[in-house]
C-alpha cells in the first residue's frame, strides 16, 4: 500500500481466497492511497483513492498477465530533487518490472542518474510490462512517483533505442515545526515551555523553551501519513494554552501560527500627580483586592509615570489603586468596573500634601487690627501644636500644619488686653472647631473684646 507523497507504508499477503487487509490506515481526506498487487507475472493496481473515517473500503484488484518478452534494450535518465528544489545526491533509484528488480543506480552530486542496458518494455508490435521506480535515501521518504513529459506518472515504458527522462521529488522523513508565543498584548513570551503532544492520546513527545523573542522549534518531528499533534504552551504569569492541532507536512520547515497566551495579570499604567498637576516623582502605587489583599506594587518615575502588574487570579475581581508619597495624603481610586486577567488599564492618581495652611487677622473693638497678640493652634487629641504673634496689621499665619489623624483644630487668642471672643468668620463667640482639608488654606478672622 502506498501513500501519495510518502511512498510504500504497508504490505500484506493475500490468503488462499485472495483476501488481504490493511489495518489502522489514517482517513485524512487530504491523503490519497493506492494498492498494488504482484504475483509472479500477474499484477494489478488501484488508482489513487481517499478513505473515510471509520469506513472499511472493499477493494477488488483484478490481476492481468503481462507479456514476458523483451524488446531491444533502452535507457532511462532522471533527476531527483528535494522539496526545496535542491539536488539529492546518493539517492538509490531502483527500476522494477512486476516487482522484479531490473537495475539499481545512484544519483550523482547533481541529483542525476542514468540507467543503461534496460530490457525494453515496448516494441512496435507489442506492449509489455512497464517499469516502476522506487527512489530512496536515508533521512527521506521513499517514493515511486515521478513526472515524465510534464505529467505525473507511476510507470513508464522503455522502448527500443529510447531514453525516457523522469524527475522525482524526495521529501524529508522528519521536519521542523517552529512558531512563536506572544502574550495577549503582543509581547514576546520568553522561556515559555512548549509541549508537542501526540493526538488524540495527549502524550508528551517533546518539550522545548522559547528564546528571548518568543520563538520555539521542534527540529526532528517524524512526517507520517495522517500524523497529528497538539501544541500546549505554559509560561509564568499566563494561562496555559492548549488545543492547537498541527499536522507535520512534507514542507521541510513548517512555520505555525503564533500562539497567544492570556496573561494572568492586569497591567495598570498612568500618572501620579500632585494637586497642581506636577509629577509625584517616586510615589508608591499599590493595587489591592478584596479584603485588602495586596496584588502588586510599582513606583512612579521622574515624570510621575507608573507601570504596575497586578496578580489578579479571578476574573471580574474588584481592584483599588492607591498612591502614597512622603509628606502627602495617599490618593485612592476604586475601579467601578471589574477587571479581567490580561487587561491593560490606564488610570491616573492624585496625591495632595498632608499639610494645610491657616491664616487670618485678630481684630479688636471697631475692627481695629490688634498687633502683638498671641495666637495658638490646638489639635484635637494633641493640644497646642503651633503658636504665632500677630503683625501690626493684626495678621497671623500657620504654614505646613500636619492634618494627619482626625484633622480637627481650633484657635485661641491670648491678647495683652481684653478677652478672646470667638470667630468673626463664624459669627459666634464660641471657639469653633475647624476641619483643615489637606493641601488647602483656611482663612479665619478672630475677635478680641
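Give me the strands (runs of 3 or more DSSP E) completely within region 1-115, filtered to those with at least 2 residues that are out of contact with any helix residue (DSSP H, G or I) (no Cβ under 6 Å at 6 or more places or on another chain), farther than 30 Å from residue 160 by Cβ and at pLDDT 90 or above, ordered by residue number. Outline the logic, then answer.
Details: elements: 36-39, 42-45, 71-82, 92-97, 100-106.
Fully inside region 1-115 and qualifying: nothing.
Whether any residue in region 365-384 is modelled with pLDDT under 85 and more than 27 Å from residue 353 (Cα to Cα) is what I want to check.
yes
Counting only residues that are surrounded by 15 or more Cβ atoms within 10 Å (Cβ to Cβ) and not in a strand (DSSP E or B), which one in region 282-300 is modelled with the lowest pLDDT?
Once the filter is applied, the top-ranked residue is 289.
Closer than 30 Å to residue 24 by Cα and surrounded by 19 or more Cβ atoms within 10 Å (Cβ to Cβ): which single residue out of 244, 259, 177, 250 fits that description?
Working: 244 fails: surrounded by 19 or more Cβ atoms within 10 Å (Cβ to Cβ); 259 fails: closer than 30 Å to residue 24 by Cα; 250 fails: surrounded by 19 or more Cβ atoms within 10 Å (Cβ to Cβ).
Criteria check complete, one pass: 177.
Of the numbered conditions (1) within 31 Å of the chain's Cα centre (by Cα); (2) farther than 30 Å from residue 172 by Cβ, residue 349 satisfies every one except a single condition; which is it?
(1)
Looking only at region 336-385, count how many residues are surrounded by 15 or more Cβ atoms within 10 Å (Cβ to Cβ) and touching a residue at least 60 places away in the same chain (Cβ under 8 Å).
26
Considering only strands (runs of 3 or more DSSP E) fully contained in region 172-241, which possess at least 3 residues that are in contact (Cβ under 8 Å) with a residue 24 or more places away in the chain?
Hits in region 172-241: 174-183, 193-198, 215-222, 229-234.
Please count how many residues of region 119-158 are without any contact (Cβ under 8 Å) to a residue 24 or more places away in the chain, under 46 Å from the mean Cα position of the chain (by Cα) and in a loop (DSSP other than H, G, I, E, B).
Residues flagged as without any contact (Cβ under 8 Å) to a residue 24 or more places away in the chain, under 46 Å from the mean Cα position of the chain (by Cα) and in a loop (DSSP other than H, G, I, E, B) within region 119-158 amount to 2.
The values are calculated or read from the model by the stated rules, or taken from the named source; none is laboratory data. Small disclaimer: the values here were computed from a predicted structure and weren't measured. Every residue, glycine among them, receives a Cβ derived from its backbone with ideal geometry; neighbour counts consider all protein chains shown.
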